[in-house]
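Questions regarding the structure given below will be posed in turn.
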Amino acid sequence: ENSGGVRAACACGARGRGRPVFLRRRRGPRPPHARRLRRRRRRHCQRHAGLRGRVDGGVRLGGAGRARRARRQGLPDLAGAARRPLQDEAQSADCRDDRGACEPGRVGGEGPDEVAVHLRRGRPVRERRRHHRRRRAGVVGALLQAQEDPGTTSLVATSQALHFEECRGVSVQGVTLQNGPQFHLSFTRCVDVKASFLRLVAPADSPNTDGIHLNDSSRVQITDNLISTGDDCVSMVGNCSDVRVRDISCGPGHGISIGSLGKNRTTDRVENVRVDTCLLTNTTNGVRIKSWQGGMGSARDLRFESIVMKNVSNPIIIDQYYCDQPTPCANQTEAVEVRKVEFVDVRGTSATARAIKIACSDTAPCTELELRNVNLTVVGGGAATASCYRASGKAAGVVAPASCLAKGDP
């Protein structure tokens with residue numbers, strides 16, 4: 001103790017271990033600015049670890065001042081490689097939480113599921129990443145290039161470029177993901193998720209390369225993203241709720257999908273989903289709900305609004321007979337219930353003559369559907385058609401092609 005100050009050793013495990021750091025404080029009870037002193041101590045550890053960005057429940061790649069200004073203005077820090085090339089050396093950090101010590105070279109969970117992750121500024125990162133049971137995790141401004149190992153001959157179902165599992169308070173911003181082996185960005189059993197200002201790119205003929213995939217997650221915001229893949233731009237499967245998808249540019253790809261649901265006679269529920277202000281270009285589907293025969297559960301309270309289609313096959317499709325396998329699927333009586341679905345202000349051009357296809361189950365027909373201000377034409381100016389089976393609801397405003405929904409019970 002010296003002149004009202006305290007000498008404390010840095011215990012962050014970085015280079016410079018044990019080097020004293022002089023932190024001034026008053027004698028006696030803890031002063032009101034003790035929190036500020038703790039921040040100074042944490043910044044000192046980060047400097048000795050070689051970190052220039054801030055580690056605060058996540059990874060901040062970019063200057064600390066720039067990140068602070070962006071947070072003050074409520075904007076993401078877009079200084080990463082997704083926006084402009086950077087010349088700094090590779091950086092890595094630990095994202096345990098803001099109370100943990102800094103440990104360079106690790107980004108991942110604790111325990112047996114921990115996986116080392118290295119985020120490199122301005123350089124591609126080729127390893128796949130998986131985050132398990134994280135709280136307040138984040139990735140901001142990075143270029144991740146996840147590629148299949150040259151020695152492999154097939155892709156496995158767990159091949160994902162960036163995966164979060166059982167996480168809460170996840171934020172992924174300003175990231176470019178290229179050539180994912182399968183899903184580029186996926187969330188499983190996550191709550192309070194934000195994914196924005198992303199660029200997800202894969203060849204149009206690459207199989208199962210979904211852009212953003214949600215499974216059993218809630219309170220999700222997916223906004224301001226550019227997605228060009230070989231499968232669904234955004235997909236959500238069983239037990240997702242409170243999802244907002246907004247300002248998405250999709251194409252090529254398979255469009256924006258809810259499902260598939262009910263595979264292998266499982267019970268899946270998806271509810272309270274809003275998709276609005278999206279542009280779909282040269283996709284094989286537009287906005288789609290798909291479920292397998294024999295499944296159980298429901299897809300309800302879904303709204304697709306302000307969607308623009310350009311040369312899209314199947315712009316609006318609800319398919320309760322989805323069968324993605326080489327042999328025909330067996331007919332089954334059970335089906336996932338589809339109800340309270342709205343298509344509002346959907347316009348553009350269809351690559352096929354049939355712009356609206358709604359095929360529902362005999363035992364669980366689709367109910368409470370609504371088409372409002374839908375204007376779809378065939379590429380070249382021809383009139384499109386619509387087909388419905390076991391579907392009921394209403395039409396409002398100008399609807400082209402003419403609504404095929406039955407009034408009352410189907």
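Pairs only if they're at least six apart or on different chains, beta carbon under 6 angstrom, first in the range 389-400 and assigned by TED's automatic domain parsing to the domain that holds Cys360 and part of a strand (DSSP E or B), second among the polar types (S, T, N, Q) and surrounded by 19 or more Cβ atoms within 10 Å (Cβ to Cβ); list them, first residue then second.
Ser392/Thr367; Ala395/Ser403
Can you tell which of Ala330, Ala359, Ala364 is at pLDDT below 95, small (Gly, Ala, Ser), surrounded by 14 or more Cβ atoms within 10 Å (Cβ to Cβ) and closer than 21 Å to Ser298 by Cα?
Testing whether each residue is at pLDDT below 95, small (Gly, Ala, Ser), surrounded by 14 or more Cβ atoms within 10 Å (Cβ to Cβ) and closer than 21 Å to Ser298 by Cα leaves just Ala364.
For (1) part of a strand (DSSP E or B); (2) touching a strand residue (DSSP E or B) at 6+ places or on another chain (Cβ under 6 Å); (3) among the small types (Gly, Ala, Ser), each residue gets a yes or a no:
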position: Arg303; (1), (2), (3): yes, yes, no
position: Pro326; (1), (2), (3): no, no, no
position: Ala330; (1), (2), (3): no, no, yes
position: Lys340; (1), (2), (3): yes, yes, no
position: Asp345; (1), (2), (3): yes, yes, no
position: Thr352; (1), (2), (3): no, no, no
position: Lys357; (1), (2), (3): yes, yes, no
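Within the range 262-280, track down each residue that is surrounded by fewer than 17 Cβ atoms within 10 Å (Cβ to Cβ) and over 27 Å from Gly294 (Cβ atoms).
Matches in the range 262-280: Arg274, Asp276, Thr277, Leu279.
Ok, one more. Residue by residue through the range 183-219, note down the ones that are part of a strand (DSSP E or B) and either touching a residue at least 60 places away in the same chain (Cβ under 8 Å) or of a type in the set (A, V, I, L, M, F, W, C) (or both). Give the steps one after another, and end with the answer.
Narrowing the range 183-219 to residues part of a strand (DSSP E or B): 183-188, 191-196, 199-201, 212-215, 218-219.
Across the range 183-219, the qualifying residues are Phe183, Leu185, Phe187, Val191, Val193, Ala195, Ser196, Arg199, Leu200, Val201, Ile212, Leu214.
State the number of residues belonging to the range 239-251 that are surrounded by 21 or more Cβ atoms within 10 Å (Cβ to Cβ) and either more than 19 Å from Pro203 (Cβ to Cβ) or more than 14 Å from the chain's Cα centre (by Cα) (or both).
5
If you don't mind, another one. From the list Asn311, Asn285, which residue is under 26 Å from Ser350 (Cβ atoms), in a loop (DSSP other than H, G, I, E, B), assigned by TED's automatic domain parsing to the domain that holds Val234 and polar (S, T, N, Q)?
Of Asn311, Asn285, the one residue that is under 26 Å from Ser350 (Cβ atoms), in a loop (DSSP other than H, G, I, E, B), assigned by TED's automatic domain parsing to the domain that holds Val234 and polar (S, T, N, Q) is Asn285.
Just to be sure before I move on: is Glu305 under 19 Å from Ser361 (Cβ atoms), modelled with pLDDT of 95 or more and assigned by TED's automatic domain parsing to the domain that holds Pro207 in the structure I sent?
no
Going by what's in this entry, would Gly180 be described as outside any loop (DSSP other than H, G, I, E, B), touching a Ser or Thr at 6+ places or on another chain (Cβ under 6 Å) and either closer than 29 Å to Glu305 by Cβ or modelled with pLDDT under 90 (or both)?
No: the conditions fail for Gly180.
If you don't mind, there's one more thing I want to ask. For the range 255-274, indicate whether the set of residues that are of a type in the set (Val, Ile, Thr) and over 20 Å from Ile212 (Cα atoms) is non-empty.
yes
The values are calculated or read from the model by the stated rules, or taken from the named source; none is laboratory data. This is a predicted model, so every value here is computed, not measured. FYI the Cβ positions are ideal-geometry reconstructions off the backbone, even for glycines, and counts take in every protein chain you see.
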